[in-house]
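Asks: This is the structure, below, for whatever I ask next.
Here, each number is a calculation from the coordinates, and none is a lab measurement. Source: prediction; values computed, not measured. Cβ placement follows ideal geometry from the backbone for every residue including glycine, while neighbour counts extend to all protein chains displayed.
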Amino acid sequence: MLMRIWHFTRNKSSRLWIVAMLLLAGVAWAGDHVRLAQDGMHDPANPGIKLLQEPGDALSKLPPDVVGNRVRWVKALEQGVIAPRTNIMPDTPIRVLDLDVIMPRTGEMPMIRFPHRQHTEWLDCSNCHEHLFKSKAGATTTVNMFQILQGEYCGLCHGAVAFPLTECKRCHSVDRK
Ligand code: HEC
Ligand code: HEC
Ligand code: HEC
């Protein structure tokens, strides 16, 4: 249904309204660190729940964010507050790439700066290449905001484990001028 509305709205500002409506729905679901008994996954009636650490007890000590899971993960890593293990198998090569790619097909929105360093400090190249993105700037021609909002491309992680899609400017950060 949404797909049809999107295709039949030729007008850019109505499309932005659709995006805005989706986002408001997202904001209404977000809260502070959700307690285990309210997360819809743990059984609040099970006495074992008291043995588990509440997410807030661990996460509230990390650099805070106002959205998503309320943690600025990139900052936490950069400040050394956390030092996650880089590999499980000792012989796995770690590849960090310091390269920003500008993705310009954003209509009237500011362009995208995609930072490799911040991603490859968490992820391997094979998480994205070549099935999600081609390793040639501008070569991935099928990515668009609708697909992303549907959980494809950047939306596979952003809104799921990384900061949510409400934060337009963290991706759309490069002014056209
Ligand atoms: C996780 C990163 C990310 C976030 C957050 C994000 N975008 Fe995008 N957006 C993209 C990418 C990537 C493209 C495609 C760029 C390309 O192909 O050159 C895009 C494209 C677009 C386009 C171009 C037309 C289209 O439909 O593709 C619009 C308009 C747009 N985004 C609006 C928004 C708005 C409004 C928000 C916030 C509500 C937002 N975006 C949040 C990554 C993001
Ligand atoms: C989180 C996803 C992600 C990861 C992980 C990732 N990349 Fe990319 N990469 C991208 C995106 C997005 C682009 C831009 C594609 C486009 O513009 O069509 C890109 C583009 C590239 C390019 C083209 C740059 C240019 O200027 O033409 C190269 C080379 C590349 N990646 C190599 C790597 C290597 C090597 C790794 C691992 C060390 C890696 N990437 C990890 C998403 C990723
Ligand atoms: C495979 C998972 C994955 C994909 C795909 C992905 N990201 Fe990310 N991204 C992450 C993670 C994990 C982080 C770090 C956690 C966070 O910032 O919430 C991150 C962080 C970022 C940051 C913040 C960097 C900083 O300095 O704070 C930007 C900007 C970003 N991503 C843009 C994008 C764009 C644009 C795309 C699509 C072209 C994309 N990401 C695709 C996982 C992903």
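Asks: Can you find even one residue in segment 123-140 that is within 13 Å of the chain's Cα centre (by Cα) and farther than 20 Å from W73 by Cβ?
Replies: For segment 123-140, residues within 13 Å of the chain's Cα centre (by Cα) and farther than 20 Å from W73 by Cβ: absent.
Asks: Condition (residue is part of a helix (DSSP H, G or I), within 9 Å of ligand 1 (Cβ to nearest atom) and in contact with a Gly (Cβ under 8 Å, 6 or more places away or on another chain)) applied to segment 130-148: is it met by at least one residue?
Replies: The answer is yes; a qualifying residue exists.
Asks: Test each condition in (1) surrounded by 13 or more Cβ atoms within 10 Å (Cβ to Cβ); (2) without any contact (Cβ under 8 Å) to a residue 60 or more places away in the chain for G138 and report the one that comes out false.
Replies: (1)
Asks: Which members of segment 55-90 meet the condition of being assigned to a loop (DSSP other than H, G, I, E, B), surrounded by 12 or more Cβ atoms within 10 Å (Cβ to Cβ) and either small (G, A, S) or touching a Lys or Arg at 6+ places or on another chain (Cβ under 6 Å) (or both)?
Replies: Across segment 55-90, the qualifying residues are S60, P63, D65, G68.
Asks: Before we move on, is S135 under 22 Å from I94 (Cα atoms), touching a His at 6+ places or on another chain (Cβ under 9 Å) and small (G, A, S)?
Replies: yes
Asks: Out of K75, K169, report the one residue that is among the basic types (K, R), within 8 Å of ligand 3 (Cβ to nearest atom) and in contact (Cβ under 8 Å) with a residue 12 or more places away in the chain.
Replies: Step by step, each of K75, K169 is checked, and only K75 is among the basic types (K, R), within 8 Å of ligand 3 (Cβ to nearest atom) and in contact (Cβ under 8 Å) with a residue 12 or more places away in the chain.
Asks: Kindly provide the set of residues from segment 91-101 that are surrounded by 12 or more Cβ atoms within 10 Å (Cβ to Cβ) and out of contact with any helix residue (DSSP H, G or I) (no Cβ under 8 Å at 6 or more places or on another chain), ordered by number.
Replies: Selection gives nothing.
Asks: In segment 151-177, how many residues are within 7 Å of ligand 1 (Cβ to nearest atom) and under 15 Å from R105 (Cα atoms)?
Replies: Of the residues in segment 151-177, 5 are within 7 Å of ligand 1 (Cβ to nearest atom) and under 15 Å from R105 (Cα atoms).
Asks: To continue, here is another question. I'd like to verify a number: residues in segment 141-167 that are loosely packed, with under 15 Cβ neighbours inside 10 Å and under 25 Å from V66 (Cβ atoms), how many?
Replies: 4
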